[in-house]
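Input: a single structure, listed below in structure tokens.
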Amino acid sequence: MGEMEEGDVDHITADVQQAQKCTLVCESSQATPNDKDNSPLTGAVFKNPVCKVYKFQTVDSEWMLVREQMEECTLSFSIPRQLLHLYIQEDMRRIQELRDLGELSPHWDNLRKEVIGRYGQVIAAYQETLAELNKITGPSFKPSCSKAQRYLEFIPINLHTQRMRVTCPRQTDAFYDVITVGAPAAHFQGFKGGGLQRLLSRHEAEKKSFSTAYQCIYYSPEHTAKAQEVLHSVGHLQPLISGLADQLLQAAQQHSMAGLREALKTLAGKTEQFVHALKDELVKSALLALHAAQPGYVTKNQNQTLPGHQGHSHQDHPSPSQRGQQGQSPPQNPGHSPGQPSATDSPVVVCNNVDGGSQTAPIREDGQTPLKRQDSIPCHKEYDEEEWDRVWADVAKSLNCVIAMVDKLQEQEPISNNQEQQVLADVITSHNPEGDWREQLCPLVVRLKECIAEVVVRARRAMTFVLLQEAACSIPQGLFLKQRRDVVFSQALAALACGFVMRLYAGMEDKGFLRQLHLVGLVAQFESLLSTYSEEIGMLEDMEVGISDLHRVAFKITQAKTDDPCDLQPVVIGRRDHYTVEVPLPRLAFQMLPHEIKEGKALQVYPVLFNVGINEQQTIADRFGDISLQERINQRNFEILDSYYKSLSDKVPSECLPCFQTRTDLKDLLGTLGQNVVTKKRKNVEILWLAGTICRRLNGIRFTSCKSAKDRTSMSVTLEQCALLRDEHQLNKDYFIRALDCMRSRLTQGEVVCQWDSDPEAACSVAENKPASRHFYPIALLLVSSHLLVVWLILSLVFLLAKYQ
């Protein structure tokens, strides 16, 4: 081998007959000391390596060395811990924002108290889970036997990295990476009602009826996401604009016209971005809804008749005895009898009296009488145009005043050709009241800050009220689904971060890869082997949402403070609708990166999921079940992959992509994959093979998953490895099956088969020598004929009836 020292070799196959069966050269529980892949850089994130080396014959009768190395990843626990901390912080901020809404009418105040109480329960549960996770020491992975433990539900199952390195005569060394992980799913919560995809669809359909029961306004998921985006923009841009305004004043104090122009240009750009982010119809309508929810709210057109409501004004509130309970339906629209379906989709607003009563006031610009209640965003132009537009006018006027003053100061700038004339000019302007630039700019800048602050206060309260109504309509199911989504996303992000770091470390010296990384981003291909039968349907529905949520994640490369392993751990920042994973690198490694990456450019990842069930349960699903979920997932993610390839082709030359012995064009591979995802074929594993091949050709990150990342995952990984040896390194065809058997198992003293790719917990089941999936064999046999299955069911029923009688 040349790399292995004597102290690192734990076992060398000596028996000749055994060596003929399995050409295992040696195995070790330590990394090879002279291997650059095991530098301190990788040691900060990956640990406890297990290595095996084989010798296989090529087609030209030469020998290749193949080394497998599997490692644990410290991110299995560190990423979920950080996410839990961020979840807690975000929910605590949300509670504070709800309290900052101020005084509300009794109806809305009660809803606010209930929502705050629910958030408090979630925070307490997360804090308890985080405390338990902080106590855990030992292995850096969660075994599948712990998948249903409550305190470990945020941890991915059996997250491991596996690298196959191939050394061949007259060829440079090649390596192939794959991350194995159990399907991201909420195993502790179970799958009786299905997974996230089904639960979210059902919940969204029920929210409209919830909004009627709670007298809330229904907001779609797009509106809720927009509200969260506005809140984030407020929190990000306001301090940024304030800091730029201070820089403008500093440049004015220094009489630096170049600095003044540069600061003004940046300030104007960020202020324009601020206006664009907040000037939205949702903010306008939410402001009206918030004012309508306050005690003693009276509209400006109180004595006027609302369009389309002759004889009804905001003063025509029913008495408390007429209103009854808070859950009572509002007055019906004129000309519309109860129980009739609505004919229009007009917006409405819920208005509250001092004593907490509410009535629905439909509003239409065209004067037509609307017939639908609480199905869209409320709108009230009289109020919003007078209040909200006045605020925006003040922001625009203040910024224009600052720009005009800078232009005036630029006209006063003295023109001199030598330093003495400049000093004389400075002395003259220092005695001139108009010469103090800072004094002239300061009142205008302060006014701009005040206008920005006023807009921020209004927008923040309006968007918080939107989220309050969304949460009130979702209690308690909505918060339960949010917890489930947090769990699944935590597992998925830990796996993605592990794969990204592994791929980054491997490509540090590849300029083409680094160029692709910052110009387009990377594709992360998740290969799933879950069946569409029984509880695995729920797992797949969870996994689909979890992988899709990874689109909200970006990566950023930073320079580590020191080379200490603790300072090389990735850090997660952000909130639920957008996270950034910062990956620190040592100073020398960081200096090798392109300028764009060193400047902190966000690096995108495009996750795609392809699923093909391969076990006995999938056989049942193919014959008697429904595989539409699998078909929809594959077709939708093919579109994402195809879109990524088109973007990559436009921005990155083909020379940046890796070279393979198989010269099949990427476009042809994508075309074949597109045909396969729409073809009706049972257990079409060609989809997985094509997706994996395309991913490797695109410099992507490969993941393989099943329920626990053990049996099915190990079968898939080893088969792929042997296929790569055959296609890329001319493995002798007589050695293919031998290599496959060798990678999948080895003989020990007790002649017990031990899975190599299984996680370490598999040793327990191996020691017990329990047969796997024995109860599936009779069913698999009966599936040869559907008639035999019917006969078997009838006989079983007769037997059970006779037994209990």
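Name every residue in the stretch 72-90 that is assigned to a helix (DSSP H, G or I) and among the charged types (D, E, K, R), in order of residue number.
Initial filter on the stretch 72-90 (assigned to a helix (DSSP H, G or I)): 75-90.
ARG81, GLU90, listed by residue number.
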When you scan the stretch 620-633, do you find a residue that is more than 23 Å from ALA492 (Cβ to Cβ) and in contact with a strand residue (DSSP E or B) (Cβ under 8 Å, 6 or more places away or on another chain), even just one?
no
Within the stretch 595-605, which residues are open to solvent by 50 Å² or more (accessible area, probe 1.4 Å) and either under 11 Å from ALA560 (Cβ atoms) or outside any loop (DSSP other than H, G, I, E, B) (or both)?
HIS595, GLU596, LYS598, GLN604
Could you say whether any residue in the stretch 115-129 is part of a loop (DSSP other than H, G, I, E, B) and either in contact (Cβ under 8 Å) with a residue 60 or more places away in the chain or open to solvent by 20 Å² or more (accessible area, probe 1.4 Å) (or both)?
no
Does LYS556 count as assigned to a loop (DSSP other than H, G, I, E, B), over 30 Å from LYS192 (Cα atoms) and either touching a strand residue (DSSP E or B) at 6+ places or on another chain (Cβ under 9 Å) or small (Gly, Ala, Ser) (or both)?
no
Scanning the stretch 621-644 residue by residue, those among the β-branched types (Val, Ile, Thr) and part of a helix (DSSP H, G or I) turn out to be ILE633, ILE640
Please enumerate the residues belonging to the stretch 51-84 that are in contact with a Leu (Cβ under 9 Å, 6 or more places away or on another chain) and among the polar types (S, T, N, Q).
GLN57, THR58, SER76
Within the stretch 165-192, residues under 14 Å from SER716 (Cα atoms), outside any loop (DSSP other than H, G, I, E, B), in contact with a Phe, Trp or Tyr (Cβ under 8 Å, 6 or more places away or on another chain) and of a type outside the set (Ser, Thr, Tyr) come out as VAL178, ILE179
Scanning the stretch 634-671 residue by residue, those among the basic types (Lys, Arg) and either without any contact (Cβ under 8 Å) to a residue 60 or more places away in the chain or touching a strand residue (DSSP E or B) at 6+ places or on another chain (Cβ under 8 Å) (or both) turn out to be ARG636, LYS646, ARG663, LYS667
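For every residue, the table says whether it meets (1) over 23 Å from the mean Cα position of the chain (by Cα); (2) in contact (Cβ under 8 Å) with a residue 60 or more places away in the chain.
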{"residue": "PHE188", "(1), (2)": "no, yes"}
{"residue": "GLY195", "(1), (2)": "no, yes"}
{"residue": "GLU222", "(1), (2)": "no, no"}
{"residue": "LEU260", "(1), (2)": "yes, yes"}
{"residue": "LEU264", "(1), (2)": "yes, yes"}
{"residue": "ALA268", "(1), (2)": "yes, yes"}
{"residue": "VAL275", "(1), (2)": "yes, yes"}
{"residue": "LEU287", "(1), (2)": "yes, yes"}
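Could you say whether any residue in the stretch 587-594 is within 30 Å of GLU229 (Cα to Cα), at pLDDT 90 or above and either in contact with a helix residue (DSSP H, G or I) (Cβ under 8 Å, 6 or more places away or on another chain) or not in a strand (DSSP E or B) (or both)?
Within the stretch 587-594, not a single residue is within 30 Å of GLU229 (Cα to Cα), at pLDDT 90 or above and either in contact with a helix residue (DSSP H, G or I) (Cβ under 8 Å, 6 or more places away or on another chain) or not in a strand (DSSP E or B) (or both).
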Failed condition for ALA709, given (1) surrounded by 21 or more Cβ atoms within 10 Å (Cβ to Cβ); (2) at pLDDT below 50; (3) on the phi > 0 side of the Ramachandran plot, with all others met?
(2)
Cβ contacts < 6 Å: first residue under 16 Å from ALA621 (Cα atoms), restricted to the stretch 672-691; second residue among the acidic types (Asp, Glu) and crowded, with 16+ Cβ neighbours inside 10 Å, any location; separation 6+ or different chain. Result?
ARG682/ASP622
Kindly provide the set of residues from the stretch 669-706 that are under 19 Å from VAL605 (Cα atoms) and surrounded by fewer than 17 Cβ atoms within 10 Å (Cβ to Cβ), ordered by number.
none
Is at least one residue of the stretch 473-486 surrounded by 23 or more Cβ atoms within 10 Å (Cβ to Cβ), among the aliphatic types (A, V, I, L, M) and not in a loop (DSSP other than H, G, I, E, B)?
no
Exactly one condition in (1) under 29 Å from LYS683 (Cα atoms); (2) touching a Pro at 6+ places or on another chain (Cβ under 7 Å); (3) not in a helix (DSSP H, G or I) is not met by MET543; state its number.
(3)
Considering every residue within the stretch 645-653, establish whether at least one is buried (at least 17 other Cβ atoms within 10 Å of the Cβ) and in a helix (DSSP H, G or I).
yes
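The values are calculated or read from the model by the stated rules, or taken from the named source; none is laboratory data. It should be emphasised that the depicted structure is a prediction, and the values quoted were computed from it without experimental measurement. With ideal geometry, Cβ positions are generated from the backbone for all residues, glycine too; neighbour counts draw on all protein chains shown. Accessible surface areas use protein heavy atoms only, side chains included; no ligands, DNA or RNA. Shrake-Rupley method; radii C 1.70, N 1.55, O 1.52, S 1.80 Å.
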